[in-house]
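Enquirer: Before we start, here is the structure in question, set down as structure tokens.
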Amino acid sequence: MSRDRLLAAAVELADAEGLGAVTMRRLSAAVGVEAMSLYHHLSGKEALLGGLLDTVVAEIEEAVRTVEEAEGPLDWQSTLRRRFLTARTVMLRHPWAPGLINTRTAVPPSIFGIYEALLATMIGGGFSYHLAHRALHTFGSMPLGFVQELFSPAATGDSVDTELAEAELAAMAEMLPHITAMVASEIHTNNGDMLGWCDSQPEFEFTLDLILDGFARQLG
């Protein structure tokens, strides 16, 4: 038994049944030990959730490392794009992870390494620290592979109920015709790669490219 083994089992449980299934009791059953023995490695539910997040962040960093070693160096814009899209491949494997990140009230220490690498790339590409700071705010959660929405009809990582969404659209069509038409046009355009409401792969890449092109123009 080790902390790493427990967290790997917790990730498997979350992948299979969602984040709500990850409890100390369920985890102990999954690894075949008494629940109390988990506390030698994880002090409680918050430590378990923090460990889950650290595990996903480590997976992102390893995925980025692997891709960069295989493909070699690129310019700053292509490097950031590749990192963000690589992070998204990890998030798509763990669709519960964005929801977990959104519950954190402080920046988890494990995430700082990702942003330090992004800053190094931008500064090396000619950004001032002032412009790089603005870029980090503009990117939001995209360096971690997802788009954080303020309001979400489906919780992040849950599937969107298309029939229910269409019924709700029909109910408000007369009052909000333009919003209704816009949402209706988008509802069937994703390829089953949704991490949350308005966070499909095409939407993610469109937004990412728009932001990167904008900062490229700022650099002249």
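The values are calculated or read from the model by the stated rules, or taken from the named source; none is laboratory data. Given the structure is predicted, the values throughout are model-derived calculations rather than measurements. Here the Cβ is made from the backbone with ideal geometry for all residues, glycine too, and neighbour counts use every protein chain on show. When the accessible area is computed, the model is the full protein with side chains, heavy atoms only, and any ligands, DNA or RNA have been set aside. Shrake-Rupley method; radii C 1.70, N 1.55, O 1.52, S 1.80 Å.
Enquirer: How high is the relative contact order of the range 1-111, in percent, with contacts defined as C-alpha pairs under 8 Å that are six or more residues apart? Present the calculation step by step, with values, prior to reporting the outcome.
Expert: On the way: 73 pairs, mean separation 32.9, N = 111.
Relative contact order, the range 1-111: 30 percent.
Enquirer: Okay, moving on. Can you pull the percent of the chain's accessible area that's carbon plus sulfur, 1.4 Å probe, other chains left in place?
Expert: Numbers: 6970 of 12250 Å².
Ligands and nucleic acids excluded, carbon and sulfur reach 57 percent.
Enquirer: Using a 1.4 angstrom probe with every protein chain in place, what is the largest-first accessible-area order of TRP96, TRP76? Each step should come with its number before you reach the end.
Expert: Values: TRP96 15, TRP76 40 Å².
Descending accessible area places them as TRP76, TRP96.
Enquirer: Related question: By what distance, in whole Å, do the Cα atoms of the chain stretch along each of the three principal axes, largest value first?
Expert: So the extents along the principal axes, rounded to whole Å, are 58, 52, 31.
Enquirer: Run the 1.4 Å probe and let me know the accessible area of ASP213, rounded to the nearest 10 Å².
Expert: Only protein atoms counted, so the area is about 70 Å².
Enquirer: Working with all protein chains in place, sort TYR115, TYR129, TYR39 by solvent-accessible area computed with a 1.4 Å probe, largest first.
Expert: Details: TYR115 50, TYR129 160, TYR39 100 Å².
The residues order as TYR129, TYR39, TYR115, largest area first.
Enquirer: Using a probe radius of 1.4 Å on heavy atoms only, what accessible surface per residue do you get for the chain? Whole Å² is fine.
Expert: Values: 12250 Å² over 220 residues.
Per-residue value: 56 Å².
Enquirer: Add -39500 (n - 2.57) for each DSSP H run of 4 or more in the chain, then divide by its residues: what number comes out at 222 nm, to the nearest 500 deg cm²/dmol?
Expert: Only helices count here, giving -20000 deg cm²/dmol.
Enquirer: Just want the answer: with Cβ charges of +1 for Lys and Arg and -1 for Asp and Glu, which residue in ASN102, LEU74, MET91 is farthest toward the dipole's positive end in the range 59-117?
Expert: Farthest towards the positive pole: ASN102.
Enquirer: Hey, another quick one. For THR105, THR66, THR55, what's the largest-to-smallest order of accessible area, 1.4 Å probe?
Expert: Values: THR105 145, THR66 75, THR55 45 Å².
My answer, sorted largest first, is THR105, THR66, THR55.
Enquirer: Under the definition of Cα pairs under 8 Å and six or more residues apart, what whole-number percent is the relative contact order of the chain?
Expert: Details: 191 pairs, mean separation 42.3, N = 220.
Relative contact order, the chain: 19 percent.
Enquirer: Another one. Treating the beta-carbon of each Lys and Arg as +1 and of each Asp and Glu as -1, no other charges, what is the dipole magnitude of the chain about its Cα centre, to the nearest 20 debye?
Expert: Values: 14 positive and 29 negative charges, 161 e Å.
The dipole magnitude comes to about 780 debye.
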